[in-house]
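Data block below; observations after.
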Amino acid sequence: MIDALAQALAELDAQGLKRRRRTLETPSRAHMLIEGRPVVAFCNNDYLGLAGHPELVNAARQATVEAGVGAGSAHLVAGHHKLHEQLERELADFVGMPDALLFSTGYMANIGAITALVGRGDAVFGDRLNHASLVDACLLSRAELTRYPHGDLDFLEAKLKASSAKTKLVVTDAVFSMDGDIAPLPELLALCERHDAWLLIDDAHGFGVLGEQGRGVLWHFPSLLTPHASRLIYMATLGKAAGVFGAFVAGHATLIEWLVNKARTYVYTTATPPLLAAAVSASLRLIAAEDWRRERLHALIAQLKAGMAGLPWTLMPSDTPIQPLIVGDNAAALRLAEGLRARGLMTPAIRPPTVPAGTARLRLSLSASHEPADIERLLAALQELA
Ligand SMILES: *Cc1c(COP(=O)(O)O)cnc(C)c1O
């Protein structure tokens, strides 16, 4: 059995698809130390530069003194700490939804919410470029899964119309994690209204970045807020722009109460350390108060786009901090990433099966913790490698 695995790994390696981890020796930030070498990272999802912020560190430290480290048990047993309770209220208010529920991770939030809402005899519809956690959740639900071509609402509408399932659920990334584009959510919601379907929006990459005060994609498209809240299931993660860890689902109070009872990844797992909830609360205050972080991010995105002219690779059309540089071939993407790495720039090559075959890319992600000089350095290195 081990020989079979070793052979399969060798095949992955031959296709340029084998992955390995590099060990980080500093907090996650734009300038960090990896395996003894200083690098400028264009690979973090810490879009606002909050992951190592002293106010978050202090909030976590203070909460550790007051609440200890481990939560001790699941939320429904005795692990639901007042710091969790308080954060759920703050998150619901921040995104403009009636109620919210914390999950350990975004992966678990998607699995828990989707499997609690649809099952055998129901139908679930997902964009072909949805995040793996949404795809896995749909498969695990045992509902009939239709994957529609990226953004193809006509295709989706035909399938919704043809379905006689009792419960229908449409699931989509808000900002597509490997492309950086934003889903046409008002149109998707209108479709869901016409065909009486739930709409689950995974805002892992929009929360903190999009909308007034970084309140997320619902505020980027204000028409999504009430009175539609009752068919919307809003999910966002807390380990990306929020700089901490975890995730939450927000929606109607009845929906949230259902998830408390039925989401298996909520019921059957230990609550996250309360200190993380305290750190997220501190992060929320900075996200709301510090518009300069989003302004700076947009200036850096504009600088990168302007500097790409004349290079042989193109950026995908994206106005979010996810700026994918399409290379195409797996080995070529790896070589380009290696070349940048040799110049102290960390840019992960994203290859199939994470993205479709033939679209291997460098997924450049920008952060408010980058300096304009970091972007200049990246552009100069790309020029050299071209
Ligand atoms: C990162 C991500 C997740 C998973 O969130 P974790 O908290 O890292 O488990 C879910 N959905 C999308 C779109 C993501 O990018």
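The values are calculated or read from the model by the stated rules, or taken from the named source; none is laboratory data. Since the structure is predicted, the reported quantities are computational estimates derived from the model, not experimental observations. Heads up, the Cβs are rebuilt from the backbone with ideal geometry, glycines too, and the neighbour counts pull from every protein chain shown. The area values use the complete protein model at the heavy-atom level, side chains included, leaving out ligands, DNA and RNA. Shrake-Rupley method; radii C 1.70, N 1.55, O 1.52, S 1.80 Å.
Give the residues of segment 375-386 that are outside any loop (DSSP other than H, G, I, E, B), touching a residue at least 24 places away in the same chain (Cβ under 8 Å) and open to solvent by 10 Å² or more (accessible area, probe 1.4 Å), sorted by residue number. If you could, list the steps in order and put the result at the bottom.
Start the filter on segment 375-386 by keeping residues that are outside any loop (DSSP other than H, G, I, E, B), which leaves 375-385.
Now narrow it down to the ones that are touching a residue at least 24 places away in the same chain (Cβ under 8 Å): 375-379, 381-385.
Scanning segment 375-386 gives GLU376, ARG377, LEU379, GLN383, GLU384, LEU385.
Are any residues in segment 216-229 surrounded by fewer than 24 Cβ atoms within 10 Å (Cβ to Cβ) and either within 15 Å of the chain's Cα centre (by Cα) or in a helix (DSSP H, G or I) (or both), and if so, which ones?
So in segment 216-229, the residues surrounded by fewer than 24 Cβ atoms within 10 Å (Cβ to Cβ) come out as 219-229.
Within segment 216-229, TRP219, HIS220, PRO222, SER223, LEU224, HIS228, ALA229 qualify.
Please specify each residue of segment 150-175 satisfying the condition of being open to solvent by 10 Å² or more (accessible area, probe 1.4 Å), part of a loop (DSSP other than H, G, I, E, B) and either not assigned by TED's automatic domain parsing to the domain that holds ALA197 or not acidic (Asp, Glu) (or both). Let's see the steps before the verdict.
Start the filter on segment 150-175 by keeping residues that are open to solvent by 10 Å² or more (accessible area, probe 1.4 Å), which leaves 150-155, 157-159, 161-168.
Within this subset, residues satisfying the condition of being part of a loop (DSSP other than H, G, I, E, B) are 150-152, 163-167.
The answer is HIS150, GLY151, SER163, SER164, ALA165, LYS166, THR167.
Any chance segment 295-305 includes a residue that's out of contact with any Asp or Glu (no Cβ under 8 Å at 6 or more places or on another chain), part of a loop (DSSP other than H, G, I, E, B) and either of a type outside the set (A, V, I, L, M) or closer than 20 Å to ALA137 by Cα (or both)?
No - not one qualifying residue is present in segment 295-305.
Examine segment 76-89 for a residue that is under 20 Å from the mean Cα position of the chain (by Cα) and assigned by TED's automatic domain parsing to the domain that holds VAL267, and state whether such a residue exists.
Kept after step one, since they are under 20 Å from the mean Cα position of the chain (by Cα), are these residues of segment 76-89: 87-88.
Subset that is assigned by TED's automatic domain parsing to the domain that holds VAL267: 87-88.
Within segment 76-89 (the criterion being under 20 Å from the mean Cα position of the chain (by Cα) and assigned by TED's automatic domain parsing to the domain that holds VAL267), the answer is yes, since at least one residue qualifies.
Would you confirm whether or not segment 41-53 contains a residue that is in contact (Cβ under 8 Å) with a residue 60 or more places away in the chain and more than 21 Å from PRO372 (Cα to Cα)? Give the steps one after another, and end with the answer.
Filtering segment 41-53 for residues in contact (Cβ under 8 Å) with a residue 60 or more places away in the chain gives 41-53.
Now narrow it down to the ones that are more than 21 Å from PRO372 (Cα to Cα): none.
No, segment 41-53 contains no residue that is in contact (Cβ under 8 Å) with a residue 60 or more places away in the chain and more than 21 Å from PRO372 (Cα to Cα).
Does segment 278-297 contain at least one residue that is within 16 Å of the ligand (Cβ to nearest atom), open to solvent by 70 Å² or more (accessible area, probe 1.4 Å) and closer than 30 Å to ALA373 by Cα? Don't jump to the end; show me each part of the working.
Here is the first cut: in segment 278-297, the residues within 16 Å of the ligand (Cβ to nearest atom) are 279-280, 283.
Now narrow it down to the ones that are open to solvent by 70 Å² or more (accessible area, probe 1.4 Å): none.
For segment 278-297, residues within 16 Å of the ligand (Cβ to nearest atom), open to solvent by 70 Å² or more (accessible area, probe 1.4 Å) and closer than 30 Å to ALA373 by Cα: absent.
Quick one: THR172 ticks every box in (1) at pLDDT 95 or above; (2) among the hydroxyl-bearing types (Ser, Thr, Tyr); (3) out of contact with any strand residue (DSSP E or B) (no Cβ under 6 Å at 6 or more places or on another chain) bar one, so which box is it?
(3)
How many residues are assigned to a helix (DSSP H, G or I) and either under 15 Å from ASP46 (Cβ atoms) or touching a His at 6+ places or on another chain (Cβ under 6 Å) (or both) if we restrict to segment 230-250? Steps first, answer last, please.
Quick first cut of segment 230-250, residues assigned to a helix (DSSP H, G or I) only: 230-231.
From the residues that got through so far, the ones that are either under 15 Å from ASP46 (Cβ atoms) or touching a His at 6+ places or on another chain (Cβ under 6 Å) (or both) too are 230.
Qualifying residue count, segment 230-250: 1.
Just checking, how many residues over segment 202-240 are within 15 Å of ALA288 (Cβ to Cβ), more than 16 Å from the ligand (Cβ to nearest atom) and either among the small types (Gly, Ala, Ser) or touching a residue at least 40 places away in the same chain (Cβ under 8 Å) (or both)?
Of the residues in segment 202-240, 5 are within 15 Å of ALA288 (Cβ to Cβ), more than 16 Å from the ligand (Cβ to nearest atom) and either among the small types (Gly, Ala, Ser) or touching a residue at least 40 places away in the same chain (Cβ under 8 Å) (or both).
Within segment 101-123, restricting attention to residues that are under 16 Å from ALA278 (Cα atoms) and in contact with a helix residue (DSSP H, G or I) (Cβ under 7 Å, 6 or more places away or on another chain), which residue is nearest to the ligand (Cβ to nearest atom)?
So, considering only residues that are under 16 Å from ALA278 (Cα atoms) and in contact with a helix residue (DSSP H, G or I) (Cβ under 7 Å, 6 or more places away or on another chain), the one nearest to the ligand (Cβ to nearest atom) is PHE103.
So which residues in segment 176-201 are within 16 Å of the ligand (Cβ to nearest atom), closer than 21 Å to THR115 by Cα and either in contact with a helix residue (DSSP H, G or I) (Cβ under 6 Å, 6 or more places away or on another chain) or open to solvent by 50 Å² or more (accessible area, probe 1.4 Å) (or both), if there are any at all?
Passing the criteria: only LEU199.
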